[in-house]
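The values are calculated or read from the model by the stated rules, or taken from the named source; none is laboratory data. All values derive from a computational prediction rather than experimental measurement. Every residue, glycine as well, gets a Cβ built from its backbone with ideal geometry; the counts of neighbours run over all protein chains shown. Keep in mind that these areas ignore ligands, DNA and RNA; they rest on the heavy atoms of the full protein, side chains included. Shrake-Rupley method; radii C 1.70, N 1.55, O 1.52, S 1.80 Å.
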Amino acid sequence: MRTAYSVETVRTAERELMARLPDGALMQRAAAGLAAACADLLGRVYGRRVVLLVGSGDNGGDALYAGARLARRGAGVAAVLLSPDRTHPGGLAALRRAGGTVTGPGGSAEDLVARADLVVDGIVGIGGKGGLRPDAEALAEAARVSRAAVVAVDLPSGVEADTGEVHGAAVRADLTVTFGTHKPGLLIDPAREYAGTVRLVDIGLELPPEAELEALQHGDVARLLPRPAAESDKYRRGVVGIAAGSARYPGAAVLAVSGALRGGAGAVRYVGPAGDTVIARFPETLVSDQGPHEAGRVQAWVVGPGAGDDAATVAEVVETDVPVLIDADGLRLADRDAVRARTAPTLMTPHAGEAAALLGVAREEVEGARLESVRKLALLYGATVLLKGSTTLVADAGGGAVRVNATGTPWLATAGSGDVLSGLAGSLLASGLPALDAGSAAAYLHGLAGRYAADGAPAGAHDVAAAIPEAWRDVTD
């Protein structure tokens, strides 16, 4: 599992470690890792042109010491000092001893960037707030349009380390070399887009058990997924109820059922007006037109996809005492007080537009502050919330680490994909997973399935559902 910690937590761990190490040793560890990553990216160091964009403080010091290491290996290294009076003195001296050159911002610096093979962003560290200042912005733009590879030190300058927000101009990196632990902004959009590939350098930090963010990997998801035992039958494996679809949107019911059938539960019950369409496509589905209370026993419900204005069915499902997943129209129709009053787990799965409507803000506000938004919504509804997007976030109402998932592909932005995800997550709820785990595992599998279904080309939601078994096997093999 990858974890990310807040700036405050990282700073505390750094202070504790520095107190036990010789003066400057921690920066040398970081610089060594940074220089190695730069060398790997360059392939050949000797004769390459490297430009360091150096701000004040330790971030600039890391860049300078790494630049000195590259200069000693034969690279031509030039440092652009954005705050000459506050440049790290030890790093600057090391660079000069190694034969590096120094200049200030301006036209000549931009020319250096234009001719560089590698640009190292050491402008602002993890404590930076807001976008870049004009002189730094000009250099960042010069780097963006150049042929040079751009490496960010710890975090791309101009992005918010703790939130993933971007307020103004920021460096766009091809590679970010981060130290000790991931920072939330490296895992959450929009900041994640600026980070490129992320390489973690272990510098010996001792961090607390609970992180700000968790990103599951194959092994973590494999441990969560249900496996039938020898004595299992379809009821012991769990039954998921799907209350979805309408005369106008029967396809939503079909897609939700398709995800549920591949999610590990032993049986799927469908309730709603699209029963004939569902049974024609999936004859193994248990279909009822009598409403949720008369459908038979289930271990979890999914309600909302394609429901139109059927508020009565949504309310009936919300009143049940089993785990409930609310999606799509159900998010609009569910009474907030009724959701908060539930004693069984609730998992809500909005996209940014739906989350914005629930929070009473503009969609752009949710997209620009995804971490804050998912936490607010979880607290507001007293529910676990899965905020869909390029980086899906899952937050519990009780706090704790937020789960972040990035297994998807832009091809998943297609009609009906969310319905498949709802069915898949609902099935995992029915098999006994807690809401946080069900949402996290479903997002992971759904993202992998999207990759396999698309394989570089457009794919429909039905293709994504069909690829879930392949994703499941990939994770568990």
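Less than 5 angstrom separates the built amide H of His88 from those of Gly57, Gly61, all sequence-distant by 5 or more or on a different chain. Once the chain from Glu206 to Asp174 is taken as fully extended at 0.36 nm per residue, the excess over their C-alpha distance is 8.7 nm.
Please give the calculated 222 nm ellipticity per residue for the chain, where each DSSP H segment of at least 4 residues contributes -39500 (n - 2.57) and the sum is spread over every residue; nearest 500 deg cm²/dmol?
It lands at -12500 deg cm²/dmol.
Beta bridges assigned by DSSP with both partners in the chain are antiparallel in approximately 15 percent of cases. Note on Glu365/Glu294: beta-carbon distance plugged into 1/(1 + (r/R0)^6) with R0 of 35 Å gives a FRET efficiency of 0.25.
Of the peptides 37-49, 400-412, the order by per-residue mean of other Cβ atoms within 10 Å, starting with the highest, comes out as 400-412, 37-49.
The alpha carbon gyration tensor of the stretch 366-450 gives principal lengths a ≥ b ≥ c with a/c of 1.5 or higher and a/b no greater than b/c, which makes the shape oblate. Packing, taken as the mean count of other beta carbons within 10 Å per residue, orders the peptides 183-196, 459-472 from highest to lowest as 183-196, 459-472.
Each residue, Ala457 and Arg336, gets one label point 7 Å from its Cα in the Cβ direction; the gap between the two is 4.6 nm.
Normalised radius of gyration (Cα atoms, divided by 2.2 N^0.38 Å) for the stretch 41-103: 1.00. Phi-derived couplings, Karplus 6.51 cos²θ - 1.76 cosθ + 1.60 at θ = phi - 60°, listed residue by residue for the stretch 418-424: x, 5, 4, 4, 4, x, 4 Hz, with x used for Gly and Pro. Computed packing ranks the peptides 261-269, 141-149 as 261-269, 141-149, most packed first, by mean other Cβ atoms within 10 Å. Centroid-to-centroid, using Cα positions, the stretch 193-230 and the stretch 260-311 are 34 Å apart.
With the convex hull of the Cα atoms taken as the outline of the stretch 271-381, the averaged projected area works out to 7.5 nm². How would you classify the stretch 166-213 from its alpha-carbon gyration tensor, with a ≥ b ≥ c the square roots of the eigenvalues: rounded for a/c under 1.5, else prolate if a/b is greater than b/c, otherwise oblate? Judged from the Cα gyration tensor, the stretch 166-213 comes out oblate (a/c at least 1.5, b/c at or above a/b). Rounded to whole numbers, the Karplus 3J(HN,Hα) couplings from phi for the stretch 410-416 are x, 5, 6, 6, 9, 4, x Hz, using 6.51 cos²θ - 1.76 cosθ + 1.60 with θ = phi - 60°, and x at Gly and Pro. Counted over all Cα-Cα pairs of the stretch 1-79, pairs farther apart than 15 Å make up 62 percent.
Could you estimate the translational diffusion coefficient of the chain from the Stokes-Einstein equation, with Rh from the Kirkwood formula over C-alpha pairs, at 10 °C and 1.306 mPa s, in whole µm²/s?
The Stokes-Einstein estimate is 66 µm²/s.
With a ≥ b ≥ c the root eigenvalues of the C-alpha gyration tensor of the stretch 322-477, is it rounded (a/c under 1.5), prolate (a/b larger than b/c) or oblate? Prolate. Magnitude of the charge dipole for the chain, about its Cα centre and with charges confined to Cβ atoms of Lys, Arg (+1) and Asp, Glu (-1), is about 1460 debye.
Applying the Karplus relation 6.51 cos²θ - 1.76 cosθ + 1.60 with θ = phi - 60° to the stretch 449-455 yields 3J(HN,Hα) values of 4, x, 4, 5, 5, 6, 6 Hz, where x marks Gly and Pro. DSSP bridge analysis restricted to the stretch 123-218 gives an antiparallel fraction near 10%, rounded to the nearest 5.
Of the beta bridges DSSP finds with both residues in the stretch 343-444, what % are antiparallel, to the nearest 5? Around 75 percent antiparallel, to the nearest 5.
Residues whose amide H lies under 5 Å from that of Gly238, counting only those 5 or more places away or on a different chain, are Gly266; hydrogens are built 1.01 Å from N in the peptide plane. Between amide H atoms placed 1.01 Å from N, distances below 5 Å from Leu325 occur with Trp301, Val302, Val303, Leu347, all of them 5 or more places distant or on a separate chain. Here the extension length gained between Thr12 and Leu379 equals 129.3 nm, from 0.36 nm per residue of separation less the Cα-Cα distance.
Measuring nothing but how far apart in sequence close Cα pairs (under 8 Å, 6+ apart) lie, relative to its length, the chain scores a relative contact order of 12 percent. Return a single number: how many Lys pairs in the chain, at a sequence separation of 8 or more or on separate chains, have alpha-carbon atoms below 22 angstrom apart. Lysine pairs meeting the criterion: 5.
For the chain, carbon and sulfur atoms together expose 48% of the accessible surface, with a 1.4 angstrom probe and every protein chain in place.
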